[in-house]
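Down below is the structure, laid out as structure tokens.
The values are calculated or read from the model by the stated rules, or taken from the named source; none is laboratory data. For clarity, every value in this text was computed on a predicted model and none was experimentally measured. Ideal geometry is used to build each Cβ from the backbone, glycine not excepted, and the neighbour counts take in all protein chains shown. All accessible areas refer to the heavy atoms of the entire protein, side chains included, with ligands and DNA or RNA removed. Shrake-Rupley method; radii C 1.70, N 1.55, O 1.52, S 1.80 Å.
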2 protein chains.
Amino acid sequence: MKNKLIGAAIFGQSGGPTSVINASAYGVIRTALDAPEITHVYGAAHGIVGVLNDNLYDMGKEDADELKLLMNTPSSELGSCRYKIKEEHELKRIHEIFEKYNIRYFFYNGGNDSMDTCSKVNDYMQRIGYECRVIGVPKTIDNDLVGTDHCPGFGSAAKYIATTISEVYKDCHVYDTGAITVIEIMGRHAGWLTGASALASIHGLGPDYIYMPEIPFEMDDFLRNVQRTFEEKNNCLVAVSEGVRHRDGTFVAKAQISETDGFGHAQLGGLAARLAHAAGQKTGAKVRGIELSLLQRCAAHLASQTDIEEAFLAGKSAVEHAIDGHTGKMVCFTRENDHGKYRCGITYEPLSVCANMEKNVPREWISTCGTNVTQEFIDYVLPLIQGENERLLQNGLPRFAQLKKIKAEV
Amino acid sequence: MKNKLIGAAIFGQSGGPTSVINASAYGVIRTALDAPEITHVYGAAHGIVGVLNDNLYDMGKEDADELKLLMNTPSSELGSCRYKIKEEHELKRIHEIFEKYNIRYFFYNGGNDSMDTCSKVNDYMQRIGYECRVIGVPKTIDNDLVGTDHCPGFGSAAKYIATTISEVYKDCHVYDTGAITVIEIMGRHAGWLTGASALASIHGLGPDYIYMPEIPFEMDDFLRNVQRTFEEKNNCLVAVSEGVRHRDGTFVAKAQISETDGFGHAQLGGLAARLAHAAGQKTGAKVRGIELSLLQRCAAHLASQTDIEEAFLAGKSAVEHAIDGHTGKMVCFTRENDHGKYRCGITYEPLSVCANMEKNVPREWISTCGTNVTQEFIDYVLPLIQGENERLLQNGLPRFAQLKKIKAEV
């Protein structure tokens, strides 16, 4: 029989936002509000920073219909942070807040850095004997979390990228004079998103070359490839990851690094324009660099319905697993074969397995030449981008959730 | 009674593509194929360049269902060009081709430069006494054509911009540390598209400042505004037109000009990154520059159904007007008040009125401070972005028209 634990819950969002992170928020919040074991549901303003600053919202005071609109609202509705817990006194402070609000459930939605936060909170509470259940909810467009088949947020970003590449393909093949177009896609260390551009090839609209961080970047090879294709086809479309690196491990975009985020990661950008310029110098062709930038992670209008539903499921499963007596786990997806059709299953892995690790695209899913992906890669991604979402529109524009965000009181 | 003219028709596309230019193509091609007066329908490969090079496609040999998919296929399916007719021998060559194929109808789809081409072809044929009817079909996301209430292509680009601004607003307001985000929008001389970003304000997600080409740009004012708003709100979102100019008329983005297009227009770009960088230097804030680039003109997945239907109507009306005996005109839209509801009407203006002219946003539709638009502007744009399109999807991705493009023979 499970050990029934009565108390309040905190939910927080951390790291870069996605199109569907709020669907996970709704999964956690709705399920927690409906659970008899959970007395209050609090939302942390800007993730763990809101906990440290005693800045919590009372989710029980929100309108139910507005909460439901979280299913199609992009970005992190409660606010996000990039904050790494480094000191014992921070964990002590979190414990103080937990005591103050009688928090017995902590749900944290983010990527591998956020799972590190989650893991530290869990370990500390265990160590001091404070009864509390901590479950991580995965989230990252980068799809690089270990322990899960794929990550909520990835399918929608992949759908956006494949759709946009298809449309840009049509646009940049329009002139008689031809062009070289370089599209820069997010993914600091893993090429999942950049590889997803290959899905556009299903309808013949994919890039000629795909440069992923898993394969060392050689400028001479790049220029030779682009020149050859431009000469053959009078056109060339290239997808490149922001995270491509030289053989010595330095970022190709390193000249553009001007600042680092809170975790010491380099902020990348400007790569598309630089590579396009170099290609133009080499070939004399008209060139254009396009950076998909924030658009690829916030384009809720193109979110995959499969991804939305799975993101909701991840949040819901986190609450159910905690109520069932578990702690220190991250919700993970498995890939089930349901009579030949894709189905997403749920499992749970220790936070320690998921935290701070990164999962790259396997070498065997990258073509031998290193500038495209294999059919296995396409078969892996394709089920995740299926389904058009049904979002609320008013005046022809998206109507997102409008929460009251009433400050919590004990 | 009208003068019945039997013969073949050529249709061509010119200038920058849009999300809906192929809906106009379908309007022309379908109507022409169905018209008893028109013996053959030819598509010019890359607009007038295809005519000059005798490179025509036989549209009668296309599959009817594939042709219909043009309604939701972005970019210029027959290929586009930026070619200005300068010499008499070019018009003579066009006449040769017209004679060869017995062309009696010429439909040309483009912006103000294309109407110049149209006008020259019409004048020449009149002058030499070659019986032929020439009708221009408007097209430009820039919405700057004279003689028409609005232009096909604008509504879809406006819908994309307003939707994207809404989503980016959510994304860039997510961190506790705040940010300044500058979004660069197309529009070389007119601020219609940049102004459309204000539609996102309807749901409270609009930019703090809108910089349009109609108002001289002062860097000091820009930096002062951004700093004040960032200090007040810990965030600032700016929409800026690629075409903003200093008081002396030089482009703010001029440092980035590396080449010019075939009409001698400056190629602009890189402005968002530069302004964001300057704002960061001034305030110390985290900054990001985003260029919507080609995405705003090829995002068929977000095309306004109103715009698609009007684009089709423009093409259809061109053919009907020519069959009715008219020439030297451009199809124009009027704005009708249908019991308080918007309705699009059709009229026809002389090509000479429409060619080479540009329509700016009226000063009275720009707010007194010069960095926003008025309610009149919003009321003007809003009907044009209404309606979600029903596009064909396969594998969760757009399935565009796949034409055979069989070379025409006499």
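Counting only residues that are surrounded by fewer than 24 Cβ atoms within 10 Å (Cβ to Cβ), under 26 Å from A:K286 (Cβ atoms) and of a type in the set (A, V, I, L, M), how many does the stretch B:78-93 have?
Qualifying residue count for the region: 1.
List pairs: first residue in the stretch B:93-111 and more than 20 Å from B:G79 (Cα to Cα), second residue open to solvent by 50 Å² or more (accessible area, probe 1.4 Å) and modelled with pLDDT under 95 anywhere in the structure, Cβ distance under 8 angstrom, at least six positions apart or on different chains.
B:K100/B:V410; B:Y101/B:V410
Run A:K159 past the list (1) touching a residue at least 40 places away in the same chain (Cβ under 8 Å); (2) more than 14 Å from chain B (Cβ to nearest Cβ); (3) charged (D, E, K, R) and report the number of the one that doesn't hold.
(2)
In the stretch A:127-141, is there at least one residue being open to solvent by 40 Å² or more (accessible area, probe 1.4 Å) and under 30 Å from A:G243 (Cβ atoms)?
Within the stretch A:127-141 (the criterion being open to solvent by 40 Å² or more (accessible area, probe 1.4 Å) and under 30 Å from A:G243 (Cβ atoms)), the answer is no, since none of the residues qualifies.
Show the residue pairs meeting these rules: Cβ distance below 8 Å; 6+ apart or different chains; first residue within the stretch B:379-403 and more than 15 Å from B:A311 (Cβ to Cβ) and among the aromatic types (F, W, Y); second residue part of a loop (DSSP other than H, G, I, E, B) and open to solvent by less than 30 Å² (accessible area, probe 1.4 Å).
From the stretch B:379-403, the pairs are B:Y380/B:H150; B:F400/A:L205; B:F400/B:T73; B:F400/B:P74.
Restricting attention to the stretch B:378-386, does a residue exist that is open to solvent by less than 60 Å² (accessible area, probe 1.4 Å), within 14 Å of another protein chain (Cβ to nearest Cβ), on the phi < 0 side of the Ramachandran plot and in a strand (DSSP E or B)?
No: the stretch B:378-386 contains no residue that is open to solvent by less than 60 Å² (accessible area, probe 1.4 Å), within 14 Å of another protein chain (Cβ to nearest Cβ), on the phi < 0 side of the Ramachandran plot and in a strand (DSSP E or B).
Do the conditions hold for B:F333, that is, is it within 23 Å of B:R188 (Cα to Cα) and in a strand (DSSP E or B)?
yes
Please find, within the stretch A:271-306, the residue that is farthest from the other protein chains (Cβ to nearest Cβ) out of those that are assigned to a loop (DSSP other than H, G, I, E, B) and under 21 Å from the mean Cα position of the chain (by Cα).
A:A303
Give me a count of the residues in the stretch B:335-357 that are at pLDDT 90 or above, surrounded by fewer than 18 Cβ atoms within 10 Å (Cβ to Cβ) and in contact with an Asp or Glu (Cβ under 6 Å, 6 or more places away or on another chain).
Looking only at that region, the number is 3.
When you look at A:R228, is it more than 14 Å from every other protein chain (Cβ to nearest Cβ) and without any contact (Cβ under 8 Å) to a residue 60 or more places away in the chain, yes or no?
In short, yes.
Quickly run through the stretch A:171-206 and pick out the residues that are under 19 Å from A:L295 (Cα atoms), of a type outside the set (G, A, S) and open to solvent by less than 40 Å² (accessible area, probe 1.4 Å).
Scanning the stretch A:171-206 gives A:D171, A:T181, A:V182, A:I183, A:E184, A:I185, A:M186, A:W192, A:L193, A:T194, A:L199.
Given the conditions (1) more than 11 Å from every other protein chain (Cβ to nearest Cβ); (2) touching a Phe, Trp or Tyr at 6+ places or on another chain (Cβ under 9 Å); (3) closer than 25 Å to B:T73 by Cβ, which single one is not true for B:E309?
(2)
Scan the stretch B:135-163 residue by residue and report those that are of a type in the set (S, T, N, Q) and out of contact with any strand residue (DSSP E or B) (no Cβ under 8 Å at 6 or more places or on another chain).
B:N143, the sole residue that qualifies.
Among the residues of the stretch B:197-237, count how many are β-branched (V, I, T) and under 19 Å from B:V174 (Cα atoms).
2
Going by the structure shown, is B:E99 at negative phi and either more than 14 Å from every other protein chain (Cβ to nearest Cβ) or basic (K, R) (or both)?
Against the criterion (at negative phi and either more than 14 Å from every other protein chain (Cβ to nearest Cβ) or basic (K, R) (or both)), B:E99 qualifies.
Output the qualifying pairs, or none if there are none: Cβ atoms under 8 angstrom, residues six or more apart or on different chains, first residue in the stretch B:305-323 and over 10 Å from B:S24 (Cβ atoms), second residue part of a helix (DSSP H, G or I) and of a type in the set (D, E, K, R).
These pairs meet every condition: B:D307/B:K159.
Quick test of your reading of the structure: A:G325 fulfils all but one of (1) more than 21 Å from the chain's Cα centre (by Cα); (2) within 14 Å of another protein chain (Cβ to nearest Cβ); (3) surrounded by fewer than 24 Cβ atoms within 10 Å (Cβ to Cβ). Name the failing condition by number.
Answer for A:G325: the failing condition is (2).
Working only within the stretch B:67-77, note down all residues that are open to solvent by 10 Å² or more (accessible area, probe 1.4 Å) and within 13 Å of chain A (Cβ to nearest Cβ).
Listed by number, the residues that qualify are B:L69, B:N72, B:E77.
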